């Protein structure tokens, strides 16, 4: 013998199938056959779960079915399940969509029945919606964001009664340069409450440069940027190259000097040694300049290393002047 429970379930499943089978031909043409089939299976499975009292699992299947193919009967059952699981605000919105849908005169009976059922469910659920007013006290022009249970709340929705589901809620406010603030509140069905949150300045927050302040060329302040070792490395590299150049040409100059010592008695060179003398002078100059560059590079690199890449003031005072004499080379400088 068929029990009333089984008769009810059978009727409900037939109702869900009719939602797709009796849908207008135009809608059937618009949707792919595979999507229709998948939506039908999900819808029937969702209705079966809802009738068995398992709305928690039914919601996912009903929502996916509705997303693939809109059917007022499926959307209505989705709204009912959402209300039963405590998602009253979302559920009543879906029920409202079904009630407000302008069905054509040729609409399937399943759609008309779903609309009537949605009216009844909506009338029972609306009084359960709670309301929460959120007020934030902050300095004029402060930039802050508000969330309730992790969901962003537009600033336009502050200081007004916001529909929320009954139960516990956490309101959080965050802002640039302010300490994070929060408040917890619990509302019963149909309750009306409010929370007030004051933003406090965070003394440990980094201060941002005022708009239009381009003294650092659009870069953060030096103490915030932190020093870079790259300039120091470059300076040491240049200095090293200078030292190597100085050594090489110093050796060449010494060699020329040794040759000239034998050819120039009493350091007086004959005309035949002018070319060798010129080469010795040239090698000496290059060696001196190389050593000078090496010393300056090492000095600048050291300054950059200890000043975090800012040696503008320190480098201004570095001066090096090469000195050269016959058979001798050197430099004079000030730091």
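Does at least one position in the range 79-99 carry a residue that is within 21 Å of residue 63 (Cβ to Cβ), surrounded by fewer than 16 Cβ atoms within 10 Å (Cβ to Cβ) and touching a strand residue (DSSP E or B) at 6+ places or on another chain (Cβ under 8 Å)?
yes
Within the range 29-58, take every residue that is loosely packed, with under 14 Cβ neighbours inside 10 Å and part of a loop (DSSP other than H, G, I, E, B) and give me the one that is modelled with the lowest pLDDT.
Applying the filter and picking the extreme gives 32.
Quick one: what pairs do we get from the range 63-80, first residue touching a residue at least 60 places away in the same chain (Cβ under 8 Å) and on the phi < 0 side of the Ramachandran plot, second buried (at least 24 other Cβ atoms within 10 Å of the Cβ) and in a loop (DSSP other than H, G, I, E, B), C-beta under 6 Å, 6+ apart or different chains?
Short answer, once both residue conditions are applied: none.
Looking at residue 140 and the list (1) within 30 Å of residue 195 (Cβ to Cβ); (2) modelled with pLDDT of 95 or more, which single condition is not satisfied?
(2)
Suppose we filter the range 104-125 for residues that are surrounded by fewer than 17 Cβ atoms within 10 Å (Cβ to Cβ) and at pLDDT 90 or above; how many remain?
10
Which members of the range 155-193 meet the condition of being loosely packed, with under 13 Cβ neighbours inside 10 Å, under 22 Å from residue 92 (Cβ atoms) and at pLDDT below 95?
Result: 156, single match.
Can you give me the number of residues within the range 76-127 that are outside any helix (DSSP H, G or I) and closer than 17 Å to residue 164 by Cβ?
Number of matching residues: 3.
The values are calculated or read from the model by the stated rules, or taken from the named source; none is laboratory data. This is a predicted model, so every value here is computed, not measured. With ideal geometry, Cβ positions are generated from the backbone for all residues, glycine too; neighbour counts draw on all protein chains shown.
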